[in-house]
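Participant: Here it is, the structure in full.
The values are calculated or read from the model by the stated rules, or taken from the named source; none is laboratory data. Quick caveat, the model's predicted, so the values are computed rather than measured. For neighbour counting, all protein chains shown are included, and Cβ atoms are generated from backbone atoms with ideal geometry for every residue, glycine included.
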Amino acid sequence: MQRPAMLALVWFFLLGGLGVWFPFVSLYLTENAGLSGVQVGWVIALLPLGGMLAQPLWGQLADRSGARTRVLAVLALGAAGGYALVGEARGFGAIAASVAVLALFAPALIPMTFSVTLALARDSAAREVGLTRACGTLGFLVTVVAFPLLLHRVQQARDLVPGASSSVSEPGLEIMFPISAVLVAVGGLLALALPRGGAEGLRAKGGDWRLLLRHGPYRRVLLFGMLAFLALQGPQVFFPVFVRSLGGSVDDVSRMWILMLSLEIPLIAWSGLTLRRVGARGLLGIGVAAGALRWLVCGLAPDLAWVWPVQVLHGVVVAGLVIGGPLYVEAVVPERLRSTGQGLYATAGVSVGGICSNLSSGWLLDHVGEAAPYLAGGIAAALLTLSLPFFLPAPRR
């Protein structure tokens, strides 16, 4: 099988596993596991917290050894085991401990996959990253659509009635964990078949990572990524709870994800064209601005009719923030440090920014109301967008 096709399959299965976990995990923790908003915030925050500790180490291991594809496979198989553990845990303490294990592997998966993709893409990096990453979004779409259908079949087989309990709207939701584990494990096994050598096998020397922290544009994109995820991440995590507060169901969440991903796939697939027009910095700004508009409308929405149409902006957010950020990093870091550079960027954004965002969103949910995280996130993202021209320089390696 050719290299781009194999990369596309790796992305498909890795993000397919995320498509079962991410859209529904806060609903499971809130209703099925019976955790409070603050407890859910802490559990979700453990993922980026573990990533903050583990991601730089995985990045250094990949760069120093030159075995990036094998490190990717280890991360995927470790994450699969973590998902399986979470599915068996009961109670806040056990769930938190199992998520802590998952956090040693899962947060580093996406930046490591970006690192491997960028190393193997060679001269067509922006185009190939967009196309292969779009296959990941397709995998996410397939599982986010298929999972509720599978859940309803399981409920029928077990005589579980959705909505029969006032506290648990979707009994049997715990099947999400073994499904995620299997999908991610398949992605890890496929990663072992990726080519080795060439740019993928470049090795860094001890202490080279200090070059990154002395480079102004790289330091600034770390801070920008942290602030962007601080504004946008928490509201996305609690989105199923927000939809439920407006009278929606798990089926509404699934259908909204279809709407979110319908624009994301073409935008990511052709992000290389957008990159040539506006650059990585412009792509980042567009993503954060779209996130600001999306969350402001949600925070002010009186019912779901207002929430539905703005979910198409999710694709713009992902194409801008999740593709633009790594491509900006790739443009400013030495090639031998691409895994460390991507890992530190994910640490600053998804980990540090995500921790603060999840905890603050959980607090706002408990003490102010379901709409509060969306208003706060939208306002913060709007201010960050306005500061972009003065904040982030043009990328320079």
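Participant: Condition check: of a type in the set (Gly, Ala, Ser), modelled with pLDDT of 90 or more and either surrounded by fewer than 17 Cβ atoms within 10 Å (Cβ to Cβ) or in a helix (DSSP H, G or I) (or both). Does Ala185 satisfy that?
Facilitator: Numbers: of a type in the set (Gly, Ala, Ser): yes; modelled with pLDDT of 90 or more: yes; either surrounded by fewer than 17 Cβ atoms within 10 Å (Cβ to Cβ) or in a helix (DSSP H, G or I) (or both): yes.
For Ala185, the condition - of a type in the set (Gly, Ala, Ser), modelled with pLDDT of 90 or more and either surrounded by fewer than 17 Cβ atoms within 10 Å (Cβ to Cβ) or in a helix (DSSP H, G or I) (or both) - is met.
Participant: Sort through Ala67, Ala79 and tell me the only one that's of a type in the set (Gly, Ala, Ser), surrounded by 19 or more Cβ atoms within 10 Å (Cβ to Cβ) and farther than 22 Å from Val253 by Cα.
Facilitator: It is Ala79.
Participant: Any residue that is under 22 Å from Glu264 (Cα atoms) and of a type in the set (D, E, K, R) - is there at least one of those in segment 330-343? Talk me through it step by step, then tell me what you get.
Facilitator: Our first condition is that a residue be under 22 Å from Glu264 (Cα atoms); within segment 330-343, this holds for 330, 342.
Retained after the next criterion (residues that are of a type in the set (D, E, K, R)): 330.
Checked against the condition, which is being under 22 Å from Glu264 (Cα atoms) and of a type in the set (D, E, K, R), segment 330-343 yields at least one hit.
Participant: Only one residue in Arg220, Arg294, Arg255, Arg244 is within 25 Å of Ile355 (Cα to Cα), out of contact with any Pro (no Cβ under 7 Å at 6 or more places or on another chain), surrounded by fewer than 23 Cβ atoms within 10 Å (Cβ to Cβ) and among the basic types (Lys, Arg), so which one is that?
Facilitator: Numbers: Arg220 fails: out of contact with any Pro (no Cβ under 7 Å at 6 or more places or on another chain); Arg294 fails: surrounded by fewer than 23 Cβ atoms within 10 Å (Cβ to Cβ); Arg255 fails: within 25 Å of Ile355 (Cα to Cα).
Among Arg220, Arg294, Arg255, Arg244, only Arg244 is within 25 Å of Ile355 (Cα to Cα), out of contact with any Pro (no Cβ under 7 Å at 6 or more places or on another chain), surrounded by fewer than 23 Cβ atoms within 10 Å (Cβ to Cβ) and among the basic types (Lys, Arg).
Participant: Which residue, of Gly353, Gly299, is at pLDDT 90 or above, touching a Leu at 6+ places or on another chain (Cβ under 8 Å), among the small types (Gly, Ala, Ser) and within 24 Å of Ser36 (Cα to Cα)?
Facilitator: Gly299
Participant: For a quick check of your reading of the model, give me the residue pairs whose first member lies in segment 78-97 and is over 18 Å from Leu109 (Cα atoms), whose second is among the acidic types (Asp, Glu), with beta-carbon atoms closer than 8 Å and at least 6 apart or on different chains.
Facilitator: Final answer for the pair search is Gly87/Glu174.
Participant: Right, something else. Please work out if Leu384 is touching a residue at least 24 places away in the same chain (Cβ under 8 Å) and crowded, with 17+ Cβ neighbours inside 10 Å. So that I can check it myself, show each step before the final result.
Facilitator: Values: touching a residue at least 24 places away in the same chain (Cβ under 8 Å): yes; crowded, with 17+ Cβ neighbours inside 10 Å: yes.
For Leu384, the condition - touching a residue at least 24 places away in the same chain (Cβ under 8 Å) and crowded, with 17+ Cβ neighbours inside 10 Å - is met.
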